[in-house]
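J.: If you scroll down you'll find the structure; I have some questions about it.
The values are calculated or read from the model by the stated rules, or taken from the named source; none is laboratory data. The shown structure was predicted, so the numbers you read here are calculated from the model rather than taken from an experiment. Cβ placement follows ideal geometry from the backbone for every residue including glycine, while neighbour counts extend to all protein chains displayed. Surface areas here come from the heavy atoms of the whole protein model, side chains and all, with no ligands, DNA or RNA. Shrake-Rupley method; radii C 1.70, N 1.55, O 1.52, S 1.80 Å.
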Amino acid sequence: MTYREHTRAIRIGNTYIGGGHPVTVQSMTNTKTEDTEATIDQILRLERAGCEIIRSTCPTEAAALSFKKIKEAIHIPIVADIHFDYRMAIAAIENGADAIRINPGNIGSMDRIKAVVMCAKAHRVPMRVGVNSGSLEKELVAKYGGVTAEGLVESALDKVKIIEDLGYDQMVISIKSSDVLMCIRAHEIIAEKTDYPLHVGITEAGTVYSGNIKSSVGLGIILHEGIGDTIRVSLTGDPVEEIRTGKLILKTLGLRKGQIEVVSCPTCGRTNIDLIPLANAVEKMVAEYSLDIKVAVMGCVVNGPGEAAEADLGICGGLHEGLLIKKGQVVRKVPEDRLLAALREEIEKFKE
């Protein structure tokens with residue numbers, strides 16, 4: 001039995017994290033939460049991309065008040081991200097946040113922590129609790145001779161105990177680092193010490209290019225070890241890219257169904273159609289569909305038909321034209337400028 005299968009189930013809005021439920025994909029808005037309409041627009045766009053839980057910062061009273069209107073307009077749980085001001089945590093909960101993300105060490109006195117926990121408990125609002133490598137306490141840095149996986153785990157579990165001692169156990173734990181190997185090790189350690197569900201991510205991973213690579217390696221290894229109940233791919237870019245990457249990581253690991261997989265050849269001198277923009281267009285188009293099928297985009301007729309035979313649908317390029325292949329059989333020959341439309345027509349048939 002994997003760690004993921006024996007974690008406790010935590011309900012956030014209409015979604016469960018842990019307890020063997022499917023691994024969920026999260027993101028965070030980069031709008032000003034006080035700008036209610038802009039935040040709603042971005043969340044709805046993220047929903048269409050497949051986002052299942054969204055987090056928004058809550059640094060001001062105006063941001064906390066926005067949660068009420070945002071909740072009315074969206075369809076996925078929203079988590080309030082709290083730093084320093086315990087009053088914003090309480091205000092966000094009272095205005096409909098489905099969960100809050102806090103670091104008890106940043107809230108201040110025990111009285112303030114208790115006020116937040118009691119409010120969360122009264123409203124049955126879960127808390128994401130944890131630590132990032134950049135905020136590890138000085139005492140633990142000194143104890144372990146630097147920022148280490150062991151220090152991250154001890155810090156996170158110390159914070160969990162604070163909240164447990166106040167009589168509350170509706171928590172998800174997060175231990176993040178920008179160091180991929182440290183992050184992997186920290187999750188391996190904590191999985192042996194607790195049954196709380198884990199929010200997994202490589203923090204400050206970087207741009208869409210470098211962040212995707214670091215997140216895919218780190219999250220891929222952690223998830224493949226059976227650890228992790230919800231994920232966020234942290235990218236410096238459009239948050240929609242975080243969702244696309246997160247879903248593909250889960251799909252690649254066999255943890256997610258209902259998404260079209262696109263395979264495409266790397267191109268070579270035999271290619272006679274403009275394959276690169278075509279493959280990108282196919283990938284963008286199939287994001288609209290929730291179908292568990294494979295689509296191949298191949299550049300030539302030498303290897304293309306054989307490779308496309310392993311897919312449910314395939315395009316094989318010729319000279320300014322291409323073959324449309326379905327379940328290994330050539331359906332018809334199509335002019336290059338009609339290949340995308342022809343492929344869409346065949347995908348639509350899988351919905352019927």
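J.: When segment 317-334 is examined, which residues are found to be part of a strand (DSSP E or B) and loosely packed, with under 13 Cβ neighbours inside 10 Å?
T.: If we filter segment 317-334 for residues that are part of a strand (DSSP E or B), which is where we start, we get 317, 321-326, 329-334.
Selection gives Gln329, Arg332, Lys333.
J.: Continuing with this model, one more query. Can you tell me how many residues in segment 150-168 are in a loop (DSSP other than H, G, I, E, B) and within 18 Å of Gly228 (Cα to Cα)?
T.: Of all residues in segment 150-168, those in a loop (DSSP other than H, G, I, E, B) come to 166-168.
Among the residues that remain, those that are also within 18 Å of Gly228 (Cα to Cα) are: none.
Within segment 150-168, residues that are in a loop (DSSP other than H, G, I, E, B) and within 18 Å of Gly228 (Cα to Cα) number 0.
J.: Also, I was wondering about something else. Among the residues of segment 223-232, are any on the phi > 0 side of the Ramachandran plot and not in a helix (DSSP H, G or I)? Give the steps one after another, and end with the answer.
T.: Taking segment 223-232 as the starting set, the residues that turn out to be on the phi > 0 side of the Ramachandran plot are 226, 228.
So of that shortlist, the ones also not in a helix (DSSP H, G or I) come out as 226, 228.
Yes, that holds for at least one residue.
J.: Can you run down the residue pairs with Cβ atoms below 6 Å, 6 or more apart or on separate chains, where the first is in segment 254-274 and under 24 Å from Ile222 (Cα atoms) and the partner is part of a loop (DSSP other than H, G, I, E, B) and open to solvent by 40 Å² or more (accessible area, probe 1.4 Å)?
T.: As it stands, the answer is Lys257/Asp292; Gly258/Ser290; Gly258/Asp292, since those pairs meet every condition given.
J.: Now a separate question. Do we have Thr29 as surrounded by 19 or more Cβ atoms within 10 Å (Cβ to Cβ), polar (S, T, N, Q), touching a residue at least 40 places away in the same chain (Cβ under 8 Å) and touching a Lys or Arg at 6+ places or on another chain (Cβ under 9 Å) here?
T.: Numbers: surrounded by 19 or more Cβ atoms within 10 Å (Cβ to Cβ): yes; polar (S, T, N, Q): yes; touching a residue at least 40 places away in the same chain (Cβ under 8 Å): yes; touching a Lys or Arg at 6+ places or on another chain (Cβ under 9 Å): yes.
Against the criterion (surrounded by 19 or more Cβ atoms within 10 Å (Cβ to Cβ), polar (S, T, N, Q), touching a residue at least 40 places away in the same chain (Cβ under 8 Å) and touching a Lys or Arg at 6+ places or on another chain (Cβ under 9 Å)), Thr29 qualifies.
J.: Tell me, which residue of segment 74-132 that is at positive phi and surrounded by fewer than 16 Cβ atoms within 10 Å (Cβ to Cβ) is modelled with the lowest pLDDT?
T.: Looking at the filtered set, the residue picked out is Gly108.
J.: In addition: Scanning segment 312-327 for residues that are small (Gly, Ala, Ser) and modelled with pLDDT of 85 or more, which turns out farthest from Lys294 (Cα to Cα)? Full working, then the answer.
T.: First, pick out the residues of segment 312-327 that are small (Gly, Ala, Ser): 314, 317-318, 322.
Cutting the leftovers down to modelled with pLDDT of 85 or more gives us 314, 322.
Numbers: Gly314: 8, Gly322: 18 Å.
Per the criteria, the residue is Gly322.
J.: Which number in (1) part of a helix (DSSP H, G or I); (2) modelled with pLDDT of 90 or more marks the one condition that Gly146 misses?
T.: It is condition (1) that Gly146 fails.
J.: In this structure, is Gly314 surrounded by 13 or more Cβ atoms within 10 Å (Cβ to Cβ) and closer than 21 Å to Ile276 by Cβ?
T.: On the way: surrounded by 13 or more Cβ atoms within 10 Å (Cβ to Cβ): yes; closer than 21 Å to Ile276 by Cβ: yes.
Yes.
J.: Could you please let me know if Thr194 is in contact (Cβ under 8 Å) with a residue 24 or more places away in the chain and either over 19 Å from the mean Cα position of the chain (by Cα) or farther than 26 Å from Asp98 by Cβ (or both)? Please lay out each step first, then the result.
T.: Details: in contact (Cβ under 8 Å) with a residue 24 or more places away in the chain: yes; either over 19 Å from the mean Cα position of the chain (by Cα) or farther than 26 Å from Asp98 by Cβ (or both): yes.
The answer is yes for Thr194.
J.: Here's another thing I want to ask about it. What do you reckon, is Ile347 touching an Asp or Glu at 6+ places or on another chain (Cβ under 8 Å), of a type in the set (A, V, I, L, M), touching a residue at least 40 places away in the same chain (Cβ under 8 Å) and outside any strand (DSSP E or B)?
T.: no
J.: Okay, moving on. Which ones in segment 82-118 are touching a residue at least 24 places away in the same chain (Cβ under 8 Å) and among the hydroxyl-bearing types (Ser, Thr, Tyr)?
T.: Tyr86
J.: So, one more: In segment 30-88, how many residues are in a loop (DSSP other than H, G, I, E, B) and either of a type outside the set (A, V, I, L, M) or out of contact with any Asp or Glu (no Cβ under 9 Å at 6 or more places or on another chain) (or both)?
T.: Let us first name the residues in segment 30-88 that are in a loop (DSSP other than H, G, I, E, B), namely 30-35, 50-52, 58-60, 74-77, 82-85.
Subsequent filtering for residues that are either of a type outside the set (A, V, I, L, M) or out of contact with any Asp or Glu (no Cβ under 9 Å at 6 or more places or on another chain) (or both) retains 30-35, 50-52, 58-60, 75, 77, 82-85.
Summing the residues that are in a loop (DSSP other than H, G, I, E, B) and either of a type outside the set (A, V, I, L, M) or out of contact with any Asp or Glu (no Cβ under 9 Å at 6 or more places or on another chain) (or both) in segment 30-88 gives 18.
J.: Can I ask one more? Hey, does segment 263-278 have a residue that's open to solvent by 60 Å² or more (accessible area, probe 1.4 Å) and within 20 Å of Val25 (Cα to Cα)?
T.: If we filter segment 263-278 for residues that are open to solvent by 60 Å² or more (accessible area, probe 1.4 Å), which is where we start, we get 264, 266, 268-270, 272, 274, 276-277.
Adding the requirement that they be within 20 Å of Val25 (Cα to Cα) leaves none.
Checking segment 263-278: not a single residue is open to solvent by 60 Å² or more (accessible area, probe 1.4 Å) and within 20 Å of Val25 (Cα to Cα).
J.: Considering each residue of segment 71-126, count those that are out of contact with any helix residue (DSSP H, G or I) (no Cβ under 7 Å at 6 or more places or on another chain) and of a type in the set (Val, Ile, Thr), and give that number.
T.: Residues flagged as out of contact with any helix residue (DSSP H, G or I) (no Cβ under 7 Å at 6 or more places or on another chain) and of a type in the set (Val, Ile, Thr) within segment 71-126 amount to 1.
J.: Follow-up question, since we're still on this one. What tally of residues in segment 133-154 results from selecting those that are buried (at least 18 other Cβ atoms within 10 Å of the Cβ), among the small types (Gly, Ala, Ser) and over 15 Å from Gly105 (Cβ atoms)?
T.: So the count comes out to 1.
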